[in-house]
Amino acid sequence: MAKICYYAKYSVTFAANFNLLSTQFFTMKQKVLIVDDEPDILMTLDFLMRKAGYEVFIGRDGAEAIELVKEHSPNLVILDIMMPNVDGYEVCQFIKQTADYRHSKVIFLSAKGKEVDIARGYAVGADFYMPKPFSSRDLVKKVKEMLA
Amino acid sequence: MPWGFTFLLSVFYLLLLFGIAIIAERRANKKGSNISASAYSLSLAVYCTAWTFYGSIGRAANSGIEFLAIYIGPTLVAPLWWVIMRKIIRICRVQNITNIADFIAARYGKNATLGALVAIFMVLGIVPYISIQIKAITDSYYTLLQNNQKADTAYLLRGSVEGISLYFACLLAVFSLWFGTRTPQTTRHNVGMVMTIAFESIIKLVAFLVVGGYITYSVFDGFGDIFGQAQHYTAAKDMLLMSSSHAYFNWFILVLLSGMAVMFLPRQFQVAVVENTDEKHLDKAIWLFPLYLLLINIFVLPIALGGKLLLGSNINADNYMLSITLYKGNYWVAYLAYLGGFSAATGMIIVETIALSLMLSNNVLMPILVKSNRIPDHYLGGVALNMRRISILALFAISYLYYYVVANHYSLVSIGLISFAAAAQLAPIVIGGIFWKRGTQIGAFGGLLSGFGVWAYTLVLPTLVNAKLLPQTWLSDGIGGLSIFKPTALWGVSGIDSLEQAIFWSLFFNVFVYIGVSLVTRQKSIEHNQAELFVDIFKYSDIYESAVVWKGTATLRDIKDMLVNFLGQQKTEELLTKYAERYQIDWNENEQADSRSVAFAETQLASIVGSTSARIVVSSLIEEEHISVDEVVAMLQESQQLLISNQELKAQTEELFDVTEELQRINVKLKEKDIQKDEFLYTVTHELRTPLTSIRALSEILYDYDDIERDERRHFIATIIKEAERMTRLITQVLDLEKLESGAEKLQMSEVEIVDIIDDAIDVVQQLANEKKVALSVNIAPFLPLFMGDKDKLIQVLVNLLSNAVKFCPADNGLVNLTALVKEKMLEIVVIDNGTGIPKEYKERIFDKFYQAQMLNKSKPNGSGLGLAISKKIVDLHGGKIWVEDNAPQGAIFTLQIPIARLIVP
């Protein structure tokens, strides 16, 4: 049963957001949006960011990510690239081209590890590009650095 | 009927021929030569003369079916025309040759003496043939008269048979003179003559068929009636059988003889070679001419038998056709028969005299005139014409004389065969000339002289003896009492008919001497040159004109003056202007003429005086240098080489081009393969990255953080295990596919029970289906046979198909069905689901490796993306196929077929 609960948390965004919204009011934590279509990755990132002391928002695809950016204006976005419908590049482009959200840092976290993919990532305005499989320690270090 | 009517009919018929000739020529002048293949083929039927028309019946009546040999020979050689005649036609066209004497002279070193010899022999040999035409006309005319007069006047008329024949000889001579010598040029096709002959061929065939039909069906009651009646008549019965043991020898000789005569008789050469306007006409002639021979012989036996039955043996069988119709009192049919015979005779006479007169004037008289260095200063075309006129008159004179003295005593066929034998003497040197390069001039002389010598001795001499011109003892005891040299039984060989024996010996000596002497003598340079050209004509004909072998000095002015002498001012100007325009030269200059101009002049001359005389004229006027054999060959080969190397170069370029193209194609393919390999590698590593990411990150977390809740920790570890399994599966599948594709992994063939593999596959998938609450159903046709296959691999395929189906089914109300049946020696398994289905555009590529990953580029693949690729490979290795059905109402339908009749050996 525990397994199913865990999955529900990362699969059904609404529930997760509702859960987090309730705590937002009391704290002034920095906001981190994590976007990926793999539940396992989301689970991992959620754990890492929570432990690092950030407020975490979870998006399962690009469209959802854009909605969440508009709603919460996060300080940092960890973005996967290959996702259904709207991909990571487009999400990044949206963030960096909209004045209200331009301040948000963007870290691409992708299995696409080719030179061209990385170059394109920076071209659309990413602040950092980390290929999968990534080191959790490096990621946390990088996020802390960027939000310091 | 008054005698004058028949004579007038004959004159009227000749006038009709004039008319046809004139109309045909006028049309040809307007529209250009337009001899059709049919007209050409019909003109060849000039082969059928009065001999065929009257003589065959006589021969049949006396010797039975032997008459047929004369027509079987040409029929048998007709297919060879494509080889022999086509070659001769091409040679004549290239070398401007206008008759067979010219042909032989040209082949054996352009030797005028040889040409003259052939011409004289031909005249002597063919004279008897012309004389029997006169005889046939006279006899038929006489037969008509005899039946129309009372007995006493018939007696009077008998005394004037010679008179009648003289009238006819003169009439025909005048006609031939007028018909044959209207224009001096001889290479231009004589359209009028060909059309006239074609017309005559139709007349004689129609006449023969009508008269034959009349006798067979009106006088008698059809073929059955005639042959039936003949059975009771011993003499007639013998006709239908081979009479004696040597009949086969006779047949052989006659078939051989006629096969050669049909090509080398001067008139046949004239119509078949000189008048040929298109080599392709031979195609039609090859079947139409034999057909004509068949038709014209259909009624020969019935008429011959009918004549014997009705009239007995007292009447000359040659005239049965007339005698029977007159006996029955049907004059109209009799006149038709007369007309048919008349047309057969006139056709032969027209063509034969034209051909022989050309030979006589071009090869005998003209060379003498030219060599005597007394070339008249005025127009020589007129001289050439006069020579031909003289030749024609001389021919008729000799023929009539021969008829008067000799032919009167013989039947048509026996005289005709003498001429055939004469024509056949040319066969060895002509056929040898175009297929054998070694034949020499001296060999040709030797063969010709010995052949004609034996011919004259064994065939002509006996007829002269019988005509009481020579002592009788020569025939009975041999000359000087030497019986071994008896003309009718040479070497004392008896028991074979003298005629056939004579033919055999003459040809035997001819061939023997020709080959023997050729082998021991050497060719002169010009002979060698001509031999090369004749034998390899198809190789040289294209380049001949551009590679004239000639070295010497002459000015253009000289050449022009020479041509004016022969062709006349007007004609010369006309020809030279055209040539000058084409090659940009001025004929009035005192400039050196190049070899092409000289050759052009010689060709033009040849059309008037024949190639031999033309050669003499040109070489007498122009200072010619001696050319060695080597030079000649070198000159010819140079042009030849140029042509060949050009072609070779072209072929090589094309080949190179092909190779380049092929290389480019391979390169593109290799590049594609390379890209595919790269993509595969990239996709594999990419697919590995995803599980690895989770494993790495989660392991680090577990290591780094101690304060993890128990549930969370367990979940992390479960995920690590799950992802590790996913990686393992992927790696296994990649290796599987690689092994199958490289052929490293072979199928493990064994007898497979279809139900077994389906059960095993269902077992594997059942768990998954249960979890997702998908209903799995199976239909298996009863009594499915065992078949050879790899059990494990096939289970793998089914598991893949079934698990895919379950995976894409909606949860809770999913349906998956598997059906197995045997159709046309194929095991067919169909897997149907009610899932999301496969978009049409992906159906083709869904079996590609990782295609799933590529098509859903922006999302994570559901599964390894290799399952279908592996399945397809396995099915391929079983010799089967797998595909997605087009028209699934919903969900997807996968069908796989595996042949079960075939034992697959991996």
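Throughout, read-outs are computed from the coordinates displayed, never taken from laboratory work. Because the structure is a prediction, the values reported are computed rather than measured. Glycine also receives a Cβ, built like all others from the backbone with ideal geometry; neighbour counts cover every protein chain displayed.
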Residues whose modelled amide H sits under 5 Å from the amide H of B:Val778, counting only those 5 or more places away in sequence or on another chain, are B:Leu818
If Lys and Arg each add +1 and Asp and Glu each add -1, what is the summed charge of the other residues whose beta carbon sits under 13 Å from the beta carbon of B:Ile874? +1
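Between B:Glu741 and B:Trp883, what FRET efficiency follows from the Cβ-Cβ distance if R0 is 22 Å, with the result rounded to 0.05?
Numbers: r = 20 Å, r/R0 = 0.89.
The pair B:Glu741/B:Trp883 has a calculated efficiency of 0.65.
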Beta carbons within 10 angstrom, averaged per residue: use that to sort the peptides B:120-133, B:685-698, B:11-24, A:78-91, highest first. B:120-133, A:78-91, B:685-698, B:11-24
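Set the Förster distance to 60 Å, then compute FRET efficiency between B:Ser699 and B:Lys650 from the Cβ-Cβ distance, nearest 0.05. Could you put the intermediate results ahead of the total?
On the way: r = 72 Å, r/R0 = 1.21.
Calculated transfer efficiency: 0.25.
Hey, any idea what the orientation-averaged projected area of the convex hull of region B:642-737's Cα atoms comes to, in nm²?
Working: hull surface 35.2 nm².
Quarter of the Cα hull surface area: 8.8 nm².
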Taking the square root of 5λ for each eigenvalue of the C-alpha gyration tensor of region B:82-147, the equivalent ellipsoid has semi-axes, largest first and in whole angstrom, of 37, 16, 7
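Which whole-number percentage describes the relative contact order of region A:32-148, with Cα contacts under 8 Å and a sequence gap of 6 or more? Mind showing how you got there, number by number?
Values: 189 pairs, mean separation 26.4, N = 117.
Here the relative contact order equals 23 percent.
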Cut-off 18 Å (backbone N to label point 7 Å along Cα→Cβ of B:Met749), residues of region B:767-789: B:785-789
Starting from the 7 Å offset along Cα-to-Cβ, what nm value, one decimal, do you get for the label separation of B:Phe435 and A:Gln30? 10.7
Whole-Hz Karplus ³J(HN,Hα) for region B:350-360, in order, using 6.51 cos²θ - 1.76 cosθ + 1.60 and θ = phi - 60°, x for Gly and Pro? 4, 5, 5, 5, 4, 5, 5, 5, 4, 4, 4
Which of the lysines could a cross-linker span from B:Lys371 if the Cα-Cα distance has to be under 22 Å and same-chain partners fewer than 8 positions apart are dropped? B:Lys110, B:Lys524, B:Lys551, B:Lys560
Modelled FRET efficiency - R0 35 Å, A:Lys70 with A:Ala119, Cβ distances, 0.05 increments: 0.80
If the reach is capped at under 26 angstrom between alpha carbons, list the lysines near A:Lys141, excluding any in the same chain fewer than eight residues apart. A:Lys9, A:Lys29, A:Lys31, A:Lys51, A:Lys96, A:Lys105, A:Lys112, A:Lys114, A:Lys132
Lysines whose Cα lies under 17 Å from that of B:Lys284, excluding same-chain neighbours fewer than 8 positions away: B:Lys87
Expressed in nm to one decimal, what extension gain is obtained for the pair B:Ala718 and B:Asp756 from 0.36 nm per residue of sequence separation less their Cα-Cα distance? 10.2 nm
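Take every Cα pair under 8 Å in region B:642-737 that's 6+ residues apart, average their separations, divide by the length, and report that relative contact order as a whole percent.
On the way: 24 pairs, mean separation 27.6, N = 96.
The normalised contact order for region B:642-737 reaches 29 percent.
Calculate how many DSSP beta bridges within region B:746-899 are antiparallel, expressed in % of all such bridges and rounded to the nearest 5. Intermediate results must be reported in sequence, preceding the final value.
Details: 23 of 30 bridges.
Taking every DSSP beta bridge within region B:746-899, about 75 percent pair in antiparallel fashion.
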Per-residue Cβ counts within 10 Å, from other chains only, averaged over A:40-49: what number is that? 5
For the pair B:Thr732 and B:Leu16, how long in nm is the line joining their label points, each one 7 Å along Cα→Cβ? 10.3
Ranked from highest to lowest mean number of other Cβ atoms within 10 Å per residue, what is the order of the peptides B:717-729, B:266-278? B:266-278, B:717-729
